[in-house]
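Q: Mind looking over this structure? Questions follow.
The values are calculated or read from the model by the stated rules, or taken from the named source; none is laboratory data. What you are looking at is a predicted structure, and each value in this text was computed from that prediction instead of being measured. All Cβ positions, glycine included, derive from the backbone under ideal geometry; neighbour counts span all protein chains shown.
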């Protein structure tokens, strides 16, 4: 991603007044809910790879593009659909990054019982080669709560710039872990212990999960945007978004964390939907001198929040 130097924290972001920017569409496969999109700039347009489904909640990944970041045209057919036993109940919650001439898409394969982090690759964002689950045996809820099986992983976000000859990927729902790779295809955990855990009494009190791809700041630190949840006393959940900073020399140790969310439910679309009270960000792009952060609104529609920094003349 080409962008000017950034500082921590990134923002402030302002939700777009005319949200949602993407609603359920006319095609059966996206007729009920669209949300949690990956985002990337390609050929001068913002591309969203968004999760969508009908009433059956079997998700596919759709393709939409925009020349202004807020008005989208979408393909009639999804670009990623369930095909294999490990994803028979859905291809969910994508994140995307480009390294060289290849796009790397992580997504959740859901078989109805277990969530598995999967990888696909492409050179054009529409035609994907599935690489299958990439961290078998990992359970990112370990120590937090029981899962249907002893395996559970999702939310892989890849830093496009290698560090010390290896690529880094933060991964996880519940807790967040760090994985590494030399070739972007084969991944292993750096440490068996999580690098980010819930912090009781805060907006990240019960669950943390990765957001969009990490970025390097002006100081060389790794900025990880994340999603966090708390269980509400009256039942249900509340999802808001934070930012964490890591030192690349010690990428398993957080060195700074936001104490308050930079994005949280504020509108009717954020507060009411398939799952109420959710702002869940998975896409972040630099486009037209502005940061666009794309997020799912209550697992039903897609919203965007923007931040336009004051740029030095040489960056304008």
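Q: Would you be able to tell me the number of residues in segment 191-205 that are surrounded by fewer than 17 Cβ atoms within 10 Å (Cβ to Cβ) and in contact (Cβ under 8 Å) with a residue 60 or more places away in the chain?
A: Qualifying residue count, segment 191-205: 1.
Q: Looking at segment 83-127, which of the residues that are closer than 15 Å to residue 160 by Cα and out of contact with any strand residue (DSSP E or B) (no Cβ under 9 Å at 6 or more places or on another chain) is surrounded by the fewest Cβ atoms within 10 Å (Cβ to Cβ)?
A: My answer is 101.
Q: Consider residue 80 carefully, then state whether it is more than 15 Å from residue 302 (Cβ to Cβ), surrounded by 23 or more Cβ atoms within 10 Å (Cβ to Cβ) and free of Cβ contacts under 8 Å to residues at least 60 places away in the same chain. Talk me through it step by step, then tell me what you get.
A: Details: more than 15 Å from residue 302 (Cβ to Cβ): yes; surrounded by 23 or more Cβ atoms within 10 Å (Cβ to Cβ): yes; free of Cβ contacts under 8 Å to residues at least 60 places away in the same chain: yes.
Answer is yes for this residue.
Q: Restricted to segment 284-316, and to residues that are surrounded by fewer than 12 Cβ atoms within 10 Å (Cβ to Cβ) and outside any loop (DSSP other than H, G, I, E, B), which residue is modelled with the highest pLDDT?
A: Per the criteria, the residue is 313.
Q: Taking only pairs six or more apart or across chains, which ones have beta-carbon atoms under 7 Å, a first residue in segment 229-240 that is in contact (Cβ under 8 Å) with a residue 24 or more places away in the chain and on the phi > 0 side of the Ramachandran plot, and a second residue that is surrounded by 12 or more Cβ atoms within 10 Å (Cβ to Cβ) and outside any strand (DSSP E or B)?
A: Every condition considered, the pairs that remain are 236/276; 236/277.
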